[in-house]
Amino acid sequence: MTEQMNQKVESLVDDERIPAIVEALRTIDDLKGLTDEECTWLATHGTERFSNDGDSIFSQGTPPHHLMFILSGEVLVHRHSSSPVSVLIGQTGRITGKTPFSRIKAWNADGRASGKTWILELHDSHFPELLLAIPSMTQRIVQLLLDRNREYTRAEEQIGKLAALNKLAANLAHELNNPASAAKSAASYLLNASESDQEHARYRIGMALGTDDRLNAYLDWLSQLCLTVSHSRQTASETASIESASLEDLLTEWLESKGFADAWKLAPILAECGIPLSSIQELERLVPPHSLCLALSDIQVTLTSHTAMVSVNEAADRIFRIVTAVKDYSYMDRQPVQDVNIAESLDTVLKLFEPRFTGITIRRFYSPDVPLLRAFGSELNQVWAAIIENSLDAMAGSGTLTLSTKLQEKTILVEIADTGHGIPAECATRVFEPFFTTKPFGTGLGLGLDTVQRVIQKHFGAVAFDSQPGKTTFLVRLPLDRTEVY
């Protein structure tokens, strides 16, 4: 048999092979309950077929003549279309090919062996005899056709969703990029133009300060303050809100003590950017007491306009990032199969969930030795999105989301962990079932983890989870040795 497995072989079954074939047939769920005699009938009337990795099993456009029982190995099925979901998989323990009652006239796809495969083929000339010898096959075949139709329908729905997302991304790119570019250009212009617009105020301050040295020292200090404000907005932390309120009270008290009437306007701006009281108090060293309120008014006008323009600039950047993330998520304008950087794939999906990260700490541990994976990029992104969304739901706005990637021999391991409430023990065996959900009615269809499992199986991988109150980890394993995705 080893010699047979080294090359593609078709052979009629001899008596010595029947026990092994019968044993393999019993592993097929759709044949559960067949008697020994019925399994033996299939074995004696079928033809064994052994194929190596990449061998053609059937070709699109050719007429089918066999009902196929996949005893071991997998068959990659590629439909010649521009669809982003173009591969279906026949795995060990599945029945495929032409069936009784089927109206198929020609294969609508190409099928190739993935790894070494062992298939039992039953020619369609035996179909009438099959239904007489094994009466239950009528019901089994009907159920098989129904299941196959559901799979095709689900695949087509997936195609429609991705096509709609591609169209949405294209429209977003077209409709938002131009106004975002205009807003960003205008903000940059205003940031530069504001310098000249404030010349009159600077003249008044210069007259009040009396010397060029004092004016230059003040302008340098104000310029540094604006840089600090810009930097603080980029590195702002959600945990600083309480400290900001306390700082605002200190700043307000000090500004009012200096007789500044608009303290209630300036203090919140300074506190939001984390400007300490000591920095503002330094102003007393740069300007004389009688010019302090004039300088504070200039600071208020400068920071108000500066922060407003920085906000416009940040909003434009945010639009660009969203459009880019949506395009990357759907792999718009790319082939369905790419060399995927798993870490970048995870980060792309995280960008889409940024509005929900208030109160959530994100931790990333990406191993640098993880290679590119030949995969369906848009569908892997759906996997990460489904798992991350469940994690965010479980944490309810507070917790830590941890993502890690590592290489384990010839397998990429992706772990997504959260500190949420966990998966109840009574639900653990059902989380991958379609339409099963623990979410309130109307908030979830229960198809997220079903999609996860199907996509990962499509990549010949595996998905599992470990859950307890306070920590749930989903583990996704993606093998590297299945790189020949057709």
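The values are calculated or read from the model by the stated rules, or taken from the named source; none is laboratory data. Computed from a prediction, not measured in an experiment: that's the story for all the values here. Virtual Cβ from ideal backbone geometry, glycine too; neighbours counted across all protein chains shown. Keep in mind that these areas ignore ligands, DNA and RNA; they rest on the heavy atoms of the full protein, side chains included. Shrake-Rupley method; radii C 1.70, N 1.55, O 1.52, S 1.80 Å.
Structural remarks
- Placing R0 at 51 angstrom, the Cβ-Cβ distance between Thr44 and Arg318 gives a FRET efficiency of 0.15 after rounding to 0.05.
- Simple label model, 7 Å out from Cα along Cβ direction - Val142 to Asp53, nm: 4.3
- Table column - 3J(HN,Hα) (Hz), segment 361-369, Karplus curve with 6.51, -1.76, 1.60, x for Gly and Pro: 9, 9, 10, 10, 9, 9, 6, x, 8
- For the residue pairs Lys351/Lys471; Lys265/Lys351; Lys406/Lys471; Lys406/Lys458, the alpha carbons lie more than 28 Å apart in Lys265/Lys351.
- A 1.4 Å probe, protein heavy atoms only, puts the accessible area of Phe465 near 50 Å².
- The accessible-area ordering, largest first, of the residues Lys471, Lys184 stands as Lys471, Lys184, per a 1.4 angstrom probe.
- Label-zone membership for segment 52-70, site Ile104, 7 angstrom Cα→C-beta point, backbone N under 13 Å: 57-70
- Distance between the 7 Å Cα→Cβ label points at Asp29 and Thr411: 2.1 nm.
- Backbone geometry of segment 296-312 corresponds, through the Karplus equation with coefficients 6.51, -1.76 and 1.60 at θ = phi - 60°, to 3J(HN,Hα) couplings of 5, 5, 5, 4, 4, 5, 5, 5, 4, 5, 5, 5, 5, 6, 5, 5, 4 Hz, x marking Gly and Pro.
- Extension gain from Ile362 to Ser246, taking 0.36 nm per residue of separation minus the Cα-Cα distance: 39.1 nm
- Model label sites at Ser223 and Ser279, defined 7 Å from Cα along the beta-carbon direction, differ in position by 1.7 nm.
- Computed FRET value (nearest 0.05) for Asn216 with Glu344, which takes r as the C-beta separation and R₀ as 35 Å: 0.15
- For Asn108, nonlocal amide neighbours, meaning residues 5 or more places apart or on other chains whose placed amide H falls under 5 Å from its own, are Gly61.
- Here the extension length gained between Ala396 and Ser311 equals 27.8 nm, from 0.36 nm per residue of separation less the Cα-Cα distance.
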